[in-house]
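**Student:** There's a structure below that I have some questions on.
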Amino acid sequence: MSAMTESRHDSARPDRAAVNPTQAHRPHRKIRGRDERSPLASLGLHAALIGAAVIAVFPIAYMMFISLRGRDGWTTPTSAEGGLEISNYTYVLTETEFPRWFANSVLIALGTTALGVFIAASTGYAISRMRFPGHKSLMWVLLVTQMFPVAVLIVALYNILGGLGLLDSYVGLILTYCSVSVPFCAWMMKGYFDTIPYEIDEAGRVDGLTPFGTFYRLILPLAKPGLAVTAFYSFITAWGEVAFARAFLSSDSMLTLSVGLQSFIGQHKAEWGYLAASAVIITIPAGLIFLLVQRNLVAGLTAGGTKG
Amino acid sequence: MKKATAQPAQATGSAASGSAGSGSATSGPSKAGLLTRMKRSYDRYWYAWAMVLPVVLVIGVLIGYPLGRGIYLSFTDANELNVAKQIGETTIPATYEFIGLDNYWRILSGADGEFYPKLWWTVVWTASCVFFHYTIGLGLALLLNRKLKGRSLYRVMLILPWAVPPFVATYIWRMMYNSESGVFNALLGKLGFAPVDWLGDTFTQKVAVIGVNVWLGVPFMMVAILGGLASISSDQYEAAEMDGASPWQRFRHVTLPGLKPVSSTVILLGTIWTFNMFPIIYLMLGEANAMNSEILVTYAYRLAFGSVRDYAGAATYGIIILSMLLVFAVFYRRLLNRQEAAQ
């Protein structure tokens with residue numbers, strides 16, 4: 001019983017004992033509270049978490065390890081013979097198209113994000129606060145577009161962009177990505193605007209602001225964190241997109257990272273060392289920001305869904 | 001109220017207030033003509049409509065038009081050879097023809113020999129991935145949702161896979177699965193087992209891609225469920241403890257019901273994402289050597305951009321996939337609503 005009496009709810013226990021003394025004095029019926037556990041359980045808990053953490057971290061650590069092992073280090077995956085070197089990084093950054101691909105990816109992802117957030121912000125606000133004819137169907141359309149498999153639009157877009165001469169161009173790919181990012185951003189921002197109290201809108205209206213004024217002067221500044229997270233999410237979605245980029249981009253200098261990396265492990269010789277170095281360079285900046293915003297990210301993704 | 005009657009809704013999700021609003025606008029003087037009514041509803045709602053206009057335009061141009069075009073293509077026999085082409089100065093007009101529902105019939109009757117095996121594998125892939133995502137995510141969230149030393153360190157380490165872009169993660173795993181120089185086979189060798197040709201055989205290919213996707217997807221579920229756990233009031237647990245509920249009973253009757261709003265959303269999202277998961281399967285298994293481990297989306301992609309480009313077939317697959325997801329989402333929502341009503 002000692003574990004039980006140390007519980008932080010112990011102030012409640014005497015009452016219960018008084019009400020029902022027979023139960024309280026039954027010493028062998030141990031029911032543990034939520035924050036109590038035996039040393040053995042603690043050990044198990046930590047063992048399980050350490051195991052899971054190792055599985056989660058190992059591939060990333062392994063990628064870093066291989067990237068530092070020189071060009072052919074990957075062929076001896078379990079030995080560290082020969083020490084660590086940065087030759088893969090210098091090669092990738094100076095001798096390959098990698099910097100160009102990196103710039104392409106940044107440009108396309110930034111373009112998509114800017115357009116997506118800019119176009120979608122006012123819509124997110126309108127569907128969060130106003131009820132108007134067409135509201136329900138717009139919500140429905142936004143939801144359905146999240147389900148679009150790549151295969152639905154890719155053929156038609158390929159033919160349309162081909163007709164306009166926009167294949168293998170930044171504009172073509174940015175427009176394509178907007179078909180994903182605009183509805184998504186609107187949906188996600190609706191979730192954030194929902195969390196801002198309505199009283200603020202009412203205060204704005206009392207002060208004589210139009211709905212546009214309320215939105216731009218009051219709500220938008222308050223929603224900056226939400227905008228940032230939405231922007232970031234749409235950035236990494238465009239950053240990691242494979243299918244459209246692979247189909248629409250053809251010349252070597254136009255490729256994005258997700259397509260370009262494949263050329264390191266082509267038919268003739270697989271250069272996993274170079275690939276690992278590129279992977280580390282790609283992952284570190286995005287990963288760091290990601291870890292900063294991830295708490296808000298989940299809230300945004302699920303809020304839109306539950307309050308729909 | 002002033003002109004800004006596009007009023008804030010008090011209860012979220014009550015689209016009923018929308019219809020009530022428009023109802024009162026139209027049912028005023030019932031003799032009002034159509035024009036007057038349109039004018040009135042324009043006065044009333046133009047703010048809202050102006051705000052949603054950009055998105056409606058974008059959706060119409062960037063999604064609606066291609067979607068319509070895709071649906072049209074699915075009723076034709078368009079392929080690489082008969083679409084319009086630009087060769088030098090001359091434009092060769094399209095020569096594909098309208099063939100009605102032939103594409104749909106060929107696919108849904110099983111005549112192409114690809115649809116049902118691939119559908120089955122896609123369903124198995126989606127179900128097993130979402131199952132592992134959810135159960136492992138729930139387990140880890142329950143472990144993390146306690147007082148323990150190093151909790152935030154564990155949390156950051158467990159979230160790391162999510163911070164890796166999927167295409168990068170796929171390449172890392174492909175390197176680890178490598179049959180001659182991969183770390184998995186090296187470890188198996190040290191333990192005295194024969195190496196496994198992970199990406200060479202249909203069954204191990206499937207295990208391999210599920211492994212990657214589970215690794216990538218668990219953190220999202222874990223964080224989402226942690227958020228859900230935090231929102232369950234501790235009063236409920238205290239009440240359950242008072243009643244002498246065992247840990248299992250508390251989990252079954254307090255935790256699980258409390259998690260339901262979060263669970264239903266993440267399972268729906270996870271199902272849709274996994275069903276459409278393109279990069280992992282495409283980049284892991286390449287284009288050529290994995291015909292039997294393709295899911296529907298990657299197969300449709302191969303139809304469109306493979307050796308002989310079958311645009312019509314790919315478009316048809318796209319429409320079929322989308323229809324299946326829509327039906328699933330509607331039934332899923334309805335099932336949840338019915339359960340809620342029953343409680």
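The values are calculated or read from the model by the stated rules, or taken from the named source; none is laboratory data. In this text the structure is predicted, and so the values were computed from the model without any measurement. Positions of Cβ are backbone-derived with ideal geometry, glycine not excepted, and every protein chain shown enters the neighbour counts.
**Student:** Take the residues in segment B:59-118 that are hydroxyl-bearing (S, T, Y) and modelled with pLDDT of 90 or more; name whichever of them is farthest from the chain's Cα centre (by Cα). Spell out the reasoning first.
**Tutor:** Let us first name the residues in segment B:59-118 that are hydroxyl-bearing (S, T, Y), namely B:65, B:72, B:74, B:76, B:90-91, B:95-96, B:104, B:109, B:116.
Subset that is modelled with pLDDT of 90 or more: B:65, B:72, B:74, B:76, B:104, B:109, B:116.
Values: B:Y65: 22, B:Y72: 25, B:S74: 23, B:T76: 28, B:Y104: 23, B:S109: 26, B:Y116: 20 Å.
The residue in question is B:T76.
**Student:** Is one or more of the residues making up segment A:102-125 more than 8 Å from chain B (Cβ to nearest Cβ), hydroxyl-bearing (S, T, Y) and either touching a strand residue (DSSP E or B) at 6+ places or on another chain (Cβ under 6 Å) or without any contact (Cβ under 8 Å) to a residue 40 or more places away in the chain (or both)?
**Tutor:** no
**Student:** Just checking, how many residues over segment B:161-192 are aliphatic (A, V, I, L, M), in a helix (DSSP H, G or I) and surrounded by fewer than 20 Cβ atoms within 10 Å (Cβ to Cβ)?
**Tutor:** Total meeting the criteria: 4.
**Student:** Something else about it: When you go through (1) more than 27 Å from the chain's Cα centre (by Cα); (2) modelled with pLDDT of 85 or more one by one for A:V54, which number turns out not to apply?
**Tutor:** It is condition (1) that A:V54 fails.
**Student:** Would a scan of segment B:268-291 turn up a residue that is more than 10 Å from every other protein chain (Cβ to nearest Cβ), in contact (Cβ under 8 Å) with a residue 60 or more places away in the chain and closer than 19 Å to B:Y116 by Cβ?
**Tutor:** Yes, some residue in segment B:268-291 is more than 10 Å from every other protein chain (Cβ to nearest Cβ), in contact (Cβ under 8 Å) with a residue 60 or more places away in the chain and closer than 19 Å to B:Y116 by Cβ.
**Student:** Every residue in segment A:180-217 that is of a type in the set (D, E, K, R), surrounded by 17 or more Cβ atoms within 10 Å (Cβ to Cβ) and farther than 17 Å from A:A120 by Cβ, please.
**Tutor:** A:D201, A:R205 - these are the residues of segment A:180-217 that are of a type in the set (D, E, K, R), surrounded by 17 or more Cβ atoms within 10 Å (Cβ to Cβ) and farther than 17 Å from A:A120 by Cβ.
**Student:** Tell me the residue from B:M222, B:M284 that is farther than 30 Å from A:I154 by Cβ, within 22 Å of the chain's Cα centre (by Cα) and surrounded by 22 or more Cβ atoms within 10 Å (Cβ to Cβ), please.
**Tutor:** B:M222
**Student:** Please go through segment A:286-301 and give me each residue that is more than 9 Å from chain B (Cβ to nearest Cβ) and modelled with pLDDT under 75, ordered by number.
**Tutor:** A:N296, A:G300
**Student:** Then there is this: Quick one: B:T122 ticks every box in (1) touching a residue at least 60 places away in the same chain (Cβ under 8 Å); (2) of a type in the set (S, T, Y); (3) surrounded by fewer than 19 Cβ atoms within 10 Å (Cβ to Cβ) except a single one, so which number is it?
**Tutor:** In the conditions (1) touching a residue at least 60 places away in the same chain (Cβ under 8 Å); (2) of a type in the set (S, T, Y); (3) surrounded by fewer than 19 Cβ atoms within 10 Å (Cβ to Cβ), B:T122 misses (3) alone.
**Student:** Continuing with this model, one more query. Inside segment A:157-264, counting only helices (runs of 4 or more DSSP H) that do not spill past its ends, which hold 2 or more residues that are touching a helix residue (DSSP H, G or I) at 6+ places or on another chain (Cβ under 7 Å) and under 27 Å from B:I172 (Cα atoms)? Quick ask: steps written out before the conclusion?
**Tutor:** Values: elements: A:170-194, A:198-206, A:224-239, A:243-248, A:257-260.
Because the criterion is at least 2 residues that are touching a helix residue (DSSP H, G or I) at 6+ places or on another chain (Cβ under 7 Å) and under 27 Å from B:I172 (Cα atoms), the helices (runs of 4 or more DSSP H) in segment A:157-264 that meet it are A:170-194, A:224-239, A:243-248, A:257-260.
**Student:** Are any residues in segment B:259-311 of a type in the set (S, T, Y), under 16 Å from B:W121 (Cα atoms) and modelled with pLDDT of 90 or more, and if so, which ones?
**Tutor:** Taking segment B:259-311 as the starting set, the residues that turn out to be of a type in the set (S, T, Y) are B:263-265, B:271, B:274, B:282, B:293, B:298-299, B:301, B:307, B:311.
With under 16 Å from B:W121 (Cα atoms) added as a condition, the list becomes B:271, B:274, B:282, B:293, B:298-299.
B:T271, B:T274, B:Y282, B:T298, B:Y299, listed by residue number.
**Student:** Taking segment A:159-196 as the region of interest, how many residues are at negative phi and over 27 Å from the mean Cα position of the chain (by Cα)?
**Tutor:** 8
**Student:** When only residues in segment A:157-177 that are β-branched (V, I, T) and more than 8 Å from chain B (Cβ to nearest Cβ) count, which is farthest from A:A109 (Cα to Cα)?
**Tutor:** The selected residue is A:V171.
Residue-by-condition table, conditions (1) in contact with a Gly (Cβ under 9 Å, 6 or more places away or on another chain); (2) assigned to a helix (DSSP H, G or I); (3) closer than 30 Å to B:A84 by Cβ; (4) of a type in the set (D, E, K, R):
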residue	(1), (2), (3), (4)
B:S263	yes, yes, no, no
B:W273	yes, yes, no, no
B:Y282	no, yes, yes, no
B:A300	yes, yes, yes, no
B:R309	no, no, yes, yes
B:L322	no, yes, yes, no
B:L325	no, yes, no, no
B:F328	no, yes, no, no
B:F331	no, yes, no, no
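**Student:** Restricting attention to segment B:181-194, which residues are more than 8 Å from chain A (Cβ to nearest Cβ), under 20 Å from A:A270 (Cα atoms) and not polar (S, T, N, Q)?
**Tutor:** Across segment B:181-194, the qualifying residue is only B:F184.
**Student:** Out of the residues in segment B:224-276 meeting the condition of being touching a Phe, Trp or Tyr at 6+ places or on another chain (Cβ under 9 Å) and hydroxyl-bearing (S, T, Y), tell me which one is nearest to B:I295 (Cα to Cα).
**Tutor:** For segment B:224-276, the residue satisfying everything is B:T274.
**Student:** Which condition from (1) more than 27 Å from B:S74 (Cβ to Cβ); (2) assigned to a helix (DSSP H, G or I) is the one that B:G244 breaks?
**Tutor:** (2)
**Student:** For segment B:234-255, indicate whether the set of residues that are of a type in the set (A, V, I, L, M, F, W, C) and closer than 20 Å to B:L335 by Cα is non-empty.
**Tutor:** Scanning segment B:234-255 turns up no residue that is of a type in the set (A, V, I, L, M, F, W, C) and closer than 20 Å to B:L335 by Cα.
**Student:** Among the residues that make up segment B:292-304, is at least one of them surrounded by fewer than 23 Cβ atoms within 10 Å (Cβ to Cβ) and among the hydrophobic types (A, V, I, L, M, F, W, C)?
**Tutor:** No, because not a single residue in segment B:292-304 is surrounded by fewer than 23 Cβ atoms within 10 Å (Cβ to Cβ) and among the hydrophobic types (A, V, I, L, M, F, W, C).
**Student:** Condition first: assigned to a helix (DSSP H, G or I), within 7 Å of another protein chain (Cβ to nearest Cβ) and either among the aromatic types (F, W, Y) or under 26 Å from the mean Cα position of the chain (by Cα) (or both). Now tell me which residues in segment A:137-156 satisfy that.
**Tutor:** Those that are assigned to a helix (DSSP H, G or I), within 7 Å of another protein chain (Cβ to nearest Cβ) and either among the aromatic types (F, W, Y) or under 26 Å from the mean Cα position of the chain (by Cα) (or both): A:L138, A:V141, A:V144, A:T145, A:V150, A:A151, A:V152, A:L153, A:I154.
**Student:** In addition: Check whether at least one residue in segment B:72-88 is more than 8 Å from every other protein chain (Cβ to nearest Cβ), part of a helix (DSSP H, G or I) and in contact (Cβ under 8 Å) with a residue 40 or more places away in the chain, and report yes or no.
**Tutor:** Yes, the conditions are met somewhere in segment B:72-88.
**Student:** Identify, please: which residue in segment B:227-267 is surrounded by fewer than 20 Cβ atoms within 10 Å (Cβ to Cβ), within 20 Å of B:H133 (Cβ to Cβ) and among the aliphatic types (A, V, I, L, M) and is, among those, nearest to the chain's Cα centre (by Cα)?
**Tutor:** B:I267
**Student:** Hey, does segment A:96-115 have a residue that's aromatic (F, W, Y) and over 30 Å from B:A186 (Cβ atoms)? Don't jump to the end; show me each part of the working.
**Tutor:** Restricting attention to segment A:96-115, the residues satisfying the condition of being aromatic (F, W, Y) are A:98, A:101-102.
Then keep just the ones that are over 30 Å from B:A186 (Cβ atoms); that gives A:101-102.
Within segment A:96-115, one or more residues are aromatic (F, W, Y) and over 30 Å from B:A186 (Cβ atoms).
**Student:** Residues B:L148, B:L101: which one is away from every other protein chain (no Cβ under 13 Å), in contact with a Phe, Trp or Tyr (Cβ under 9 Å, 6 or more places away or on another chain), surrounded by fewer than 16 Cβ atoms within 10 Å (Cβ to Cβ) and among the aliphatic types (A, V, I, L, M)?
**Tutor:** One residue alone meets the criteria, B:L101.
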